[in-house]
Amino acid sequence: MTDTSTPQTEQSFDDELDTTPVAEQDDEAEAEKEPEAAPSDTDLFRQSEIAADYVEGLLDILDYDGDIDELVSAGRPVVEVVGGRLQPLVGQRGATLEALQELTRLAVFRQTGSPSRLLLDVGGYRATRRKELGAVAKNAVEKVKEFGEPVRLEAMSAFERKCVHDVVNALAGVESESEGVEPNRRIVVRPVD
């Protein structure tokens, strides 16, 4: 049998967003790293244009109709696809969307020569999922505060973990960290000592 899978990188681009407690960071290693020049808004918008062209080509091949918006938001290139009949591009729990995002990032990398933190959204899925995850995070925080015990959440994508970390870390008395290895990486919410 031949293995046709794509080699996995050690860290997904979205894992850069995965928040971990400050105590876990190696201060010496951080101090030794030279700061990388952040891409300009012009570079980021160019990345979103490349990505939009790629996604438009995919939609044409699949014979799907959708309006494509390219923009820069929070220092990231973003491509949003809106329209009817797009659910197959999202897939179960966003799995297809995550795969399309990675393919689109590769298309940007191929043209620019540098990795992209592009965020692809289809049919507003990410905005809706972000709200759902906010509720999951608040529920976990309530349980932690009520019982004083850590709460382990289900395995999530890097995007989903980032959404939960953002909510938990904005609340007092609790902290969150990711544990495990992809694709079974999950968040643990625990009380702050």
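Identify the single condition in (1) in contact with an Asp or Glu (Cβ under 9 Å, 6 or more places away or on another chain); (2) outside any helix (DSSP H, G or I); (3) at pLDDT below 95 that M156 does not satisfy, given that it satisfies every other one.
Failed condition: (1).
Looking only at the range 114-139, which residues are among the charged types (D, E, K, R) and under 11 Å from the mean Cα position of the chain (by Cα)? Spell out the reasoning first.
Residues of the range 114-139 that are among the charged types (D, E, K, R), as a first pass: 117, 121, 126, 129-132, 138.
Selection gives R117, D121, R126, R130.
So, in the range 125-153, how many residues would count as being open to solvent by 100 Å² or more (accessible area, probe 1.4 Å) and in a helix (DSSP H, G or I)?
So in the range 125-153, the residues open to solvent by 100 Å² or more (accessible area, probe 1.4 Å) come out as 130-131, 138, 142, 145-147, 149, 152.
Then drop every residue that is not in a helix (DSSP H, G or I), which leaves 130-131, 138, 142, 145-147.
Total meeting the criteria: 7.
Looking at the range 69-77, can you tell me whether even one residue there is among the aliphatic types (A, V, I, L, M), open to solvent by less than 70 Å² (accessible area, probe 1.4 Å) and at pLDDT 95 or above?
Checked the range 69-77: no residue is among the aliphatic types (A, V, I, L, M), open to solvent by less than 70 Å² (accessible area, probe 1.4 Å) and at pLDDT 95 or above.
Cβ contacts < 7 Å: first residue in contact (Cβ under 8 Å) with a residue 24 or more places away in the chain, restricted to the range 147-161; second residue assigned to a loop (DSSP other than H, G, I, E, B) and among the polar types (S, T, N, Q), any location; separation 6+ or different chain. Result?
Filtered contacts from the range 147-161: A155/N184; A158/S12.
With the requirement that a residue be open to solvent by 50 Å² or more (accessible area, probe 1.4 Å) and either touching a residue at least 60 places away in the same chain (Cβ under 8 Å) or in contact with a strand residue (DSSP E or B) (Cβ under 7 Å, 6 or more places away or on another chain) (or both), what does the range 163-184 give you? I'd like the intermediate steps shown before the answer.
Step one: of the range 163-184, the residues open to solvent by 50 Å² or more (accessible area, probe 1.4 Å) are 166, 169-172, 175, 179, 181-184.
Hits for the range 163-184 are D166, N169, E175, E179, E182.
Determine which member of the set A107, A99, A95 is out of contact with any strand residue (DSSP E or B) (no Cβ under 9 Å at 6 or more places or on another chain), open to solvent by less than 30 Å² (accessible area, probe 1.4 Å) and in a helix (DSSP H, G or I).
Values: A99 fails: open to solvent by less than 30 Å² (accessible area, probe 1.4 Å); A95 fails: open to solvent by less than 30 Å² (accessible area, probe 1.4 Å).
Going through A107, A99, A95 in turn, the sole match is A107.
Go through the residues of the range 45-52 one by one and say whether even a single one is in a helix (DSSP H, G or I), among the hydrophobic types (A, V, I, L, M, F, W, C), modelled with pLDDT under 95 and farther than 29 Å from R185 by Cα. Before the answer, list the steps.
Kept after step one, since they are in a helix (DSSP H, G or I), are these residues of the range 45-52: 45-52.
Applying the additional criterion that residues be among the hydrophobic types (A, V, I, L, M, F, W, C) yields 45, 50-52.
Among the residues that remain, those that are also modelled with pLDDT under 95 are: 45.
Applying the additional criterion that residues be farther than 29 Å from R185 by Cα yields 45.
Checked the range 45-52: at least one residue is in a helix (DSSP H, G or I), among the hydrophobic types (A, V, I, L, M, F, W, C), modelled with pLDDT under 95 and farther than 29 Å from R185 by Cα.
Going by what's in this entry, would P115 be described as under 30 Å from D43 (Cα atoms) and in a loop (DSSP other than H, G, I, E, B)?
Values: under 30 Å from D43 (Cα atoms): yes; in a loop (DSSP other than H, G, I, E, B): yes.
Answer is yes for this residue.
When the range 110-124 is examined, which residues are found to be among the charged types (D, E, K, R) and either touching a Leu at 6+ places or on another chain (Cβ under 6 Å) or open to solvent by 50 Å² or more (accessible area, probe 1.4 Å) (or both)?
Going residue by residue through the range 110-124, those that are among the charged types (D, E, K, R) are 110, 117, 121.
Passing the criteria: R110, R117.
Can A37 be described as at pLDDT below 95 and either open to solvent by 50 Å² or more (accessible area, probe 1.4 Å) or under 22 Å from P115 (Cβ atoms) (or both)?
So A37 passes the test.
The values are calculated or read from the model by the stated rules, or taken from the named source; none is laboratory data. Being a predicted model, the structure only gives us computed values, none of them experimental. Using ideal geometry, Cβ is built from the backbone for each residue, glycine included, and neighbour counts are taken over all protein chains shown. SASA here: full protein model, heavy atoms, side chains in, ligands and nucleic acids out. Shrake-Rupley method; radii C 1.70, N 1.55, O 1.52, S 1.80 Å.
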